[in-house]
1. Treat the count of other C-beta atoms within 10 Å as a stand-in for reagent exposure and order ILE16, ILE44 from fewest to most.
2. Going by average Cβ neighbours within 10 Å, how do the peptides 1-11, 54-64 rank, with the highest at the top?
3. Give me VAL12, VAL52 ranked fewest to most by other Cβ atoms within 10 Å of their Cβ, as a rough exposure proxy.
4. What's the long-distance tail for region 11-65, i.e. % of Cα pairs beyond 12 Å?
5. Mind listing the long-range amide H neighbours of THR41? Cut-off is under 5 Å, sequence gap 5 or more, other chains count too, H placed in the peptide plane at 1.01 Å from N.
Amino acid sequence: MKCLRCGSESLVDGAIYSPIRTAFRPQGAKFLTLETGDIQTKAIMCKNCGYVEIIGDAMKLRRLTSDAGESSGNIT
Ligand SMILES: [Zn+2]
């Protein structure tokens, strides 16, 4: 894994706190009975240039936003 900004491989895993851990809430999400609409994020920071990349839980996003009539999507 490389930094998207400078290409360095000196990346450190972590999380963004502000002051509680930041979560992403998709617009129009279905609220399931057993979990909230918040999606936890994690962050990776480059030791070389300071670039911070924030990554959310894509599996949960799909659970929250999947519609019965729509099966198309980009699964990577
Ligand atoms: Zn970098």
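Values in this text are rule-based calculations from the coordinates and carry no lab data. Remember, it's a predicted structure, so these values are computed and weren't measured experimentally. In this analysis, Cβ positions are derived from the backbone assuming ideal geometry, glycine residues included, and neighbour counts consider all displayed protein chains.
1. Working: ILE16 13, ILE44 17.
Ordered by Cβ neighbours within 10 Å, fewest first: ILE16, ILE44.
2. Working: 1-11: 12.3, 54-64: 14.0.
My ranking of the peptides, most packed first, is 54-64, 1-11.
3. Values: VAL12 10, VAL52 13.
The most exposed by this proxy come first: VAL12, VAL52.
4. Details: 988 of 1485 pairs.
Result: 67 percent of Cα pairs exceed 12 Å.
5. Amide H neighbours of THR41: PHE24.
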